[in-house]
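The values are calculated or read from the model by the stated rules, or taken from the named source; none is laboratory data. As the structure is a computational prediction, the values presented were derived from the model and not from experiment. Neighbour counts run over all protein chains shown; Cβ positions are idealised from the backbone, glycine included. Just so you know, the surface numbers come from the protein's heavy atoms only, side chains and all, with ligands and any DNA or RNA stripped out. Shrake-Rupley method; radii C 1.70, N 1.55, O 1.52, S 1.80 Å.
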Amino acid sequence: MFIYIEQKNLEIISDKVDNAILWDIDRRLYRDKFELTDEIIADSYKYSYKEYEKVLVSLGQKYFSNGNPEINWDEWYNKQYNAVGAGL
């Protein structure tokens, strides 16, 4: 999901998730901005795991027992995007 959300409109996500949670994740990412990408991801997961879990719950995405989403992320995103009213 990390790489996926880099390429999409984050307003869809921020509309569904408590911004304080996103700020906590963002603060961790910013703090590590001079590290290698693999280190940033590892640290973010290590220190922000609970926040990521809250994000995933807030998004309403359901998962199979093997951890794969029931709806792929492109389909989920398009469904959310299309639900936003025109002009927003």
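For the reader, a short list of remarks on this structure follows.
- Protein accessible area in the chain, 1.4 Å probe - carbon and sulfur %: 52
- Among L36, L59, L22, the residue with the largest mean-square fluctuation in a Gaussian network model of the chain, with springs joining Cα atoms closer than 10 Å, is L36.
- Gain in span if fully extended, K33 to D74, counting 0.36 nm per residue against the direct Cα distance: 12.0 nm
- Pairwise FRET efficiency - E11 versus Q61, Cβ, R0 = 25 Å, nearest 0.05: 0.90
- Surface per residue (accessible, 1.4 Å probe) for the chain, Å²: 77
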